[in-house]
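Peer 1: Below you will find the structure I want to go over with you.
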Amino acid sequence: MAERKQWKWADDPSLNKMELTKLEKDGLDVIETIVNTYSKEGFQSIESSDMDRFKWAGVYQQRPKDGHFMMRVRIPGGLLNSEQARVLAKIAEDYGRDLVDVTTRQAVQFHWLTVESLADIFDRLAAVGLSSFEACGDCPRTIMGNPLAGIDPHEVLDTRPLVAELEKFFLLNREFSNLPRKYKMSISANIHNAAHAQINDLAFTPAKKTIAGEEVIGFHVWVGGGLSAKPYLAKKLDVFCRPEEVVKVAEGVTTLFRDYGYRQKRTHARLKFLVADWGAEKFKEELVKLVGELEPQGEDLLQGWNGGYFYGIHEQKQKGLYYAGLSVPVGRMDASELVELARLADEYGDGTIGTCNTQNVLIRNIPKDKIAAFQAEPLIVNRFKLQPNTFVGYAVSCTGTEYCNLAIVETKERMRALALYLDETVELDTPLRIHMIGCPNSCGQRQIGDIGLQGALVKTPSGMVEAFDIHVGGTLEEPQFNRKLNARITVDKLGPFLAQLITLYKADRLEGEPYWRYVERVGLERIQEQVDSILQTA
Amino acid sequence: MSEEQTETYLYKLEAVLEEGRLLTVVVLANSDERAFSAAENNILRHTVAPPHIKELSLVEKKPIGRQGVGYVIETSHF
Ligand code: HEM
Ligand code: SF4
């Protein structure tokens, strides 16, 4: 076990209980205990205080609590090679009942793992340079990025080396393994905000600035975003960050969070609370004290938001090479599909698979003369489509009651079925992003959906029925979270209800107007009237 | 650590009464069904004439076990 560090907050009498647990034994130390003890002696041997620490190993008890775990594997920047993909697939096959989920932060998630399998899984991951460590827990999580980095015609620089540096700096770094709460970073130089800057604790977005007569491409820095029950949009600091300053700035921001973040209440511990209290100006002052002077803001190169979607075949920065954006409905695949995807990446591309924060995947570096054959591949024709139907293509869902202890309702399969139904029922030629979640925690990022569906259980004469609250108008284009309507729709009526709501929008909207913009234009009251009239005739 | 079959949660439910009144109810229970019946019992106990509950929904559950688990209930002035 590593030597215990004397943190400056260690003597604070008002620390919450989890803080005491973390001081007693660092989260990262559980990895050794899992490997040497728990994976040999089994579930019954797990100390309850260590169960919390399992998150630092990237594992979490799943529902029902019968000894099975979910594991999240970090995919830094959403880039993975075919060899890694095959290892992931094999783990799913051997230990995870064949299930692979791509998550809303570009990670890969397994279910059904037993503690006995963990040591072997850690080894298999490490052998191909992957890790689940710190994928959960109060520490720096998977670093979100642009899955097109390096080939993206819409990026102003290649962020791959920066993601790698950040990952190298933070992963297993004991200076930062005891933060007040989870900590999410994103970095992207795509001008369409591919990595959802405003909902991360720390985000870097593309910017430029003329410094001493020279034009420098770099980043603007955002802090304090996050979703969950009390969502906040990150604030932009008055800072211009050169690419070579990214790690230094990230270290500075993370140090501020570590040393000044709140540790009294877990519900008031994310960086957003510190940022809300300090304000962006003071935050910058404190940051500068740590990292030295930084240039003030330059020109913002962000233009709108692509939603994290890349469907179809598109030409890369490199002439003659193409990438293919594929749809994985609600992010779920089986091991054999991942193996097949790896084969396609090798055969047609450069072996790289990109994971998207929309729970989708992409393949990079396909030469022009291979495109036709690629398009004809059965996996592409039948499953991971290049041009998915509108609703299936833009449906995001959290895990729900299937595996999650906090879920009120079933979500993933339901979202898939709902999207299929809407595609059969409503014809719509523009994307309409629907996000479904099973409780207020918002793992499925309900707040940024054009329509956000949040589960509840309703008591009816015939028993408990699952239902959803409807939220409308979320976007990161002109960042705004969706807002709740007065409507709790039981699942038997959800499909027809949404079909009617969307049909009314279709009739009313301006040419090509996305749903969030429509909501903005006509106002929430108008949408509520639509809802009321649908419910009256239902 | 012992294997648990059921876990106890602090549940948050919302009730709409006939007159349009809204109630938020917080109960401890170890299943969703029990949460509903506990909520109904509590509403009954809270009122003199039995109210007609138009809609009762369960909207959140938090596992107990950690000190201080709770909810903030927003209320309005009447
Ligand atoms: C077994 C239970 C759970 C499951 C299966 C689950 C699943 C997920 C998944 C797949 C993600 C995307 C994560 C990533 O790739 O890094 C996520 C994110 C998230 N989860 Fe959970 N989660 C669970 C429990 C929780 C709990 C207990 C909380 C809150 C205390 C929570 C709050 C969140 C939030 C706020 C996000 C991030 C949304 C965002 O800002 O991007 N989740 N969860
Ligand atoms: S949003 Fe709630 S129900 Fe869905 S996975 Fe997250 S914690 Fe579970």
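The values are calculated or read from the model by the stated rules, or taken from the named source; none is laboratory data. Being a predicted model, the structure only gives us computed values, none of them experimental. Using ideal geometry, Cβ is built from the backbone for each residue, glycine included, and neighbour counts are taken over all protein chains shown.
Peer 1: Kindly indicate which of A:Lys236, A:Lys272 is charged (D, E, K, R), touching a helix residue (DSSP H, G or I) at 6+ places or on another chain (Cβ under 9 Å) and within 21 Å of A:Pro479 (Cα to Cα). Before the answer, list the steps.
Peer 2: Values: A:Lys272 fails: touching a helix residue (DSSP H, G or I) at 6+ places or on another chain (Cβ under 9 Å).
Exactly one of A:Lys236, A:Lys272 is charged (D, E, K, R), touching a helix residue (DSSP H, G or I) at 6+ places or on another chain (Cβ under 9 Å) and within 21 Å of A:Pro479 (Cα to Cα), namely A:Lys236.
Peer 1: If you don't mind, there's one more thing I want to ask. So A:Gly261 ticks every box in (1) without any contact (Cβ under 8 Å) to a residue 60 or more places away in the chain; (2) under 20 Å from A:Gly226 (Cα atoms); (3) more than 22 Å from the chain's Cα centre (by Cα) but one. Which box is left unticked?
Peer 2: All conditions are met except number (1).
Peer 1: Now for a different question. A:Asn200 passes all but one of (1) of a type in the set (S, T, N, Q); (2) over 30 Å from A:Gly320 (Cβ atoms); (3) in contact with a helix residue (DSSP H, G or I) (Cβ under 7 Å, 6 or more places away or on another chain); (4) crowded, with 22+ Cβ neighbours inside 10 Å; which number fails?
Peer 2: Answer for A:Asn200: the failing condition is (3).
Peer 1: Residues in region A:383-396: is at least one modelled with pLDDT of 95 or more, within 16 Å of ligand 2 (Cβ to nearest atom) and in contact with a helix residue (DSSP H, G or I) (Cβ under 6 Å, 6 or more places away or on another chain)?
Peer 2: Checked region A:383-396: at least one residue is modelled with pLDDT of 95 or more, within 16 Å of ligand 2 (Cβ to nearest atom) and in contact with a helix residue (DSSP H, G or I) (Cβ under 6 Å, 6 or more places away or on another chain).
Peer 1: Just to be sure, is A:Asp11 acidic (Asp, Glu), away from chain B (no Cβ under 12 Å), within 26 Å of A:Tyr262 (Cβ to Cβ) and free of Cβ contacts under 8 Å to residues at least 40 places away in the same chain?
Peer 2: So A:Asp11 passes the test.
Peer 1: A follow-up question, please. Tally the residues that are more than 17 Å from A:Met51 (Cβ to Cβ) and of a type outside the set (Ser, Thr, Tyr), restricting the search to region A:9-22. Outline the logic, then answer.
Peer 2: Looking only at region A:9-22, we keep the residues that are more than 17 Å from A:Met51 (Cβ to Cβ), and these are A:9-15.
Now drop any that are not of a type outside the set (Ser, Thr, Tyr), which leaves A:9-13, A:15.
Total satisfying the criteria: 6.
Peer 1: Of the residues that sit in region B:32-63 and are more than 11 Å from the chain's Cα centre (by Cα) and under 10 Å from B:Tyr11 (Cα atoms), which one is surrounded by the most Cβ atoms within 10 Å (Cβ to Cβ)?
Peer 2: Residue satisfying both the conditions and the ranking: B:Lys62.
Peer 1: If you don't mind, another one. Before we move on, is B:Thr24 at pLDDT below 80, more than 8 Å from chain A (Cβ to nearest Cβ) and either within 30 Å of A:Ser14 (Cα to Cα) or surrounded by 14 or more Cβ atoms within 10 Å (Cβ to Cβ) (or both)?
Peer 2: Considered against the rule, which asks whether it is at pLDDT below 80, more than 8 Å from chain A (Cβ to nearest Cβ) and either within 30 Å of A:Ser14 (Cα to Cα) or surrounded by 14 or more Cβ atoms within 10 Å (Cβ to Cβ) (or both), B:Thr24 comes out as no.
Peer 1: Among the residues of region A:184-232, write down those that are part of a strand (DSSP E or B) and of a type in the set (S, T, N, Q). Full working, then the answer.
Peer 2: From region A:184-232, those part of a strand (DSSP E or B) are A:185-187, A:190, A:202-211, A:214-223, A:226, A:232; that's our starting set.
Hits for region A:184-232 are A:Ser186, A:Asn190, A:Thr205, A:Thr210.
Peer 1: Show the residue pairs that are 6+ apart or on different chains and have beta-carbon atoms under 7 Å apart, the first residue being within region A:99-115 and more than 14 Å from chain B (Cβ to nearest Cβ) and closer than 11 Å to A:Val73 by Cα, the second being more than 15 Å from ligand 2 (Cβ to nearest atom) and basic (Lys, Arg).
Peer 2: The qualifying pairs are A:Ala107/A:Arg74.
Peer 1: Check A:Glu525 against each of (1) away from ligand 1 (no atom under 16 Å from the Cβ); (2) away from every other protein chain (no Cβ under 14 Å); (3) closer than 18 Å to A:Met415 by Cβ and name the one condition it does not meet.
Peer 2: Failed condition: (3).
Peer 1: Residues to consider are A:Leu432, A:Leu422; find the one that is in a loop (DSSP other than H, G, I, E, B) and either at pLDDT 95 or above or surrounded by fewer than 23 Cβ atoms within 10 Å (Cβ to Cβ) (or both).
Peer 2: It is A:Leu432.
Peer 1: If you don't mind, there's one more thing I want to ask. From the set of residues in region A:120-157 that are outside any loop (DSSP other than H, G, I, E, B), within 13 Å of ligand 1 (Cβ to nearest atom) and farther than 24 Å from A:Thr21 by Cα, which is nearest to the chain's Cα centre (by Cα)?
Peer 2: Among those that are outside any loop (DSSP other than H, G, I, E, B), within 13 Å of ligand 1 (Cβ to nearest atom) and farther than 24 Å from A:Thr21 by Cα, it is A:Met144.
Peer 1: In region A:448-469, which residues are surrounded by 22 or more Cβ atoms within 10 Å (Cβ to Cβ) and more than 12 Å from chain B (Cβ to nearest Cβ)?
Peer 2: Across region A:448-469, the qualifying residues are A:Ile448, A:Gly449, A:Asp450, A:Ile451, A:Gly452, A:Leu453.
Peer 1: Would you mention how many residues in region A:233-243 are out of contact with any His (no Cβ under 8 Å at 6 or more places or on another chain) and in a strand (DSSP E or B)?
Peer 2: Summing the residues that are out of contact with any His (no Cβ under 8 Å at 6 or more places or on another chain) and in a strand (DSSP E or B) in region A:233-243 gives 2.
Peer 1: Right, something else. Starting from residues that are of a type outside the set (D, E, K, R) and surrounded by fewer than 21 Cβ atoms within 10 Å (Cβ to Cβ), keep the ones in region A:233-251 and report whichever is farthest from the other protein chains (Cβ to nearest Cβ).
Peer 2: A:Pro243
Peer 1: Please name all residue pairs, on different chains or six or more residues apart, with Cβ atoms under 7 Å, provided the first residue is in region A:418-442 and is within 14 Å of another protein chain (Cβ to nearest Cβ) and farther than 25 Å from A:Tyr232 by Cα and the second residue is away from ligand 2 (no atom under 16 Å from the Cβ) and of a type in the set (A, V, I, L, M, F, W, C).
Peer 2: Partner pairs satisfying both residue conditions: none exist.
Peer 1: Restricting attention to region A:387-412, which residues are within 14 Å of ligand 1 (Cβ to nearest atom) and not in a loop (DSSP other than H, G, I, E, B)?
Peer 2: Result: A:Val396, A:Ser397, A:Gly400, A:Thr401, A:Glu402, A:Lys412.
Peer 1: Here's a follow-up. Suppose we filter region A:500-528 for residues that are surrounded by fewer than 17 Cβ atoms within 10 Å (Cβ to Cβ), over 28 Å from A:Gly225 (Cα atoms) and under 29 Å from the mean Cα position of the chain (by Cα); how many remain?
Peer 2: Qualifying residue count for the region: 1.
Peer 1: Quick one: in region A:46-81, of everything that is closer than 30 Å to A:Gly325 by Cβ and either free of Cβ contacts under 8 Å to residues at least 24 places away in the same chain or more than 13 Å from ligand 1 (Cβ to nearest atom) (or both), which residue is farthest from the other protein chains (Cβ to nearest Cβ)?
Peer 2: A:Asn81
Peer 1: Out of region A:125-161, which residues are within 16 Å of ligand 2 (Cβ to nearest atom), closer than 14 Å to A:Gln106 by Cβ and among the small types (Gly, Ala, Ser)?
Peer 2: Selection gives A:Ala135 alone.
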